[in-house]
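Bear in mind that the values in this text are calculations on the coordinates, not laboratory data. None of these values were measured; they are calculated from a predicted model. FYI the Cβ positions are ideal-geometry reconstructions off the backbone, even for glycines, and counts take in every protein chain you see.
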C-alpha cells in the first residue's frame, strides 16, 4: 500500500485496520485466563433474568461491564467503523474507547472520524492519545482538543513503547513521561486513564501511575493482538520484519497484569483488555479484580460487516456473562468481584 504524503499518521491507521482484518496478528502468548475456573454453584438461588450486569463508571451507568476497546480513527475507513461501533454501544448501553486521535490533531479534516456523539449521545466515551506525544510537543491544549473533538467523558493516554521501538517511524523517547503524566492529571478537566496496547502493566508501573494521579488503568495485557506482529506486516524490509517478529511472545499476560495491580493497589480502578473473547473471559477478569472488560479485534471484524453485527456480538457476550454469573452464584457485579476462582495447573 503506498505511503500517504499528506498525512503519514492517517496512512498508518489505514494500514493497521487492513492488517488487523486480513492477517493473523495474535500474540504467541495466551491471556492466562484458561488457567482459572469458577467453582460451579449447583444451587445458585438466583433468577437468571434478575442478574444485574449494570455498573457505574465515572458517573455513567452502563448496562453491562463491557467496553469497545480503543481501536481506530484518523482515516476514511475508520470514520464508518467508529460510527458503527458507537451506534452499537449506544443501543446496548456499554462504553467505547476511540483510537489514537493524533492524526486528527495533525489534520483537523480527520476529526470527523472521531465524532460519534451524533449516534451515541449517552455512552461513556474515552478520547485517546499516545502518552509519548507529551515528549514531542504535546501539552494540555492538545489533550483538551482531543477531549473536545470527541465530546469525551475521559481521556486515555496509551503506552506503546515496544510498538514505537519496532516502527521505522516510531517515537521512542519515553524518558521523563511519568512526571508529565502527573502534571496532566492535575490539570485535566476529565478523568485520565492509562492503558497499554497489548503487553500489560506491571504492579510497579501501576503504583507509579497511581501516585501520579491516574484514575484508572486498562491493563491491555498480552494474549490478544500483538502490535509487533502488526508492524511486522507493515515492515519495509526484512530486517524490520525480523525485529518486529522477535517480540511475538513478549508481555505480561492479561490475567497476571490484573492480579499484580489488584494486589498492589486495592482501590485502583482496573479495566481488563487483551485477548478477551467471551463473556466468560470477562467474568474471570472481574473476579480477578477488574471492573470492565474490553474487546477490540472481534468488534472490529463485526463492525466491518455492520452495526447490527456489533450489537449481536455485544448481546452474545452479555448473555455469556449473565449465565456465567448465574452458574457461579453472583447476583451482580459486586458479588462477582467477590468470587474466588480456582487455579488449575
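Annotations for the structure displayed:
- Potential extension, residue 18-residue 264 segment - 0.36 nm per residue separation minus Cα distance: 84.7 nm
- Virtual paramagnetic centre 7 Å along Cα→Cβ of residue 60, amide N under 17 Å, in the stretch 282-326: 291-296, 311, 314
- Sum of -39500 (n - 2.57) over DSSP H runs of 4+, divided by residues of the chain (222 nm, nearest 500): -12500 deg cm²/dmol
- Inter-probe distance in nm under a simple model that places probes 7 Å from Cα toward Cβ, at residue 249 and residue 277: 1.9 nm
- Inter-label distance, residue 34 to residue 140: 4.9 nm, where each label sits 7 Å from its Cα along the C-beta direction.
- Cα centroid separation, the stretch 296-339 to the stretch 199-240 (Å): 24 Å
- GNM top mover of 38, 114, 67 - the chain, alpha-carbon springs below 10 Å: 38
- Viscosity 1.567 mPa s, temperature 4 °C, Stokes-Einstein D of the stretch 10-83 from Kirkwood C-alpha radius, µm²/s: 77 µm²/s
- Order of 69, 175, 318 under a 10 Å beta carbon neighbour criterion, fewest first: 175, 318, 69
- The stretch 56-98 shape via C-alpha gyration tensor axes, a/c threshold 1.5: prolate
- Scattering from the chain was approximated by placing one identical point on each alpha carbon and applying the Debye formula without solvent; log10 I(q)/I(0) at 0.09, 0.13 1/Å stands at -0.44, -0.96.
- Here the extension length gained between residue 172 and residue 301 equals 43.4 nm, from 0.36 nm per residue of separation less the Cα-Cα distance.
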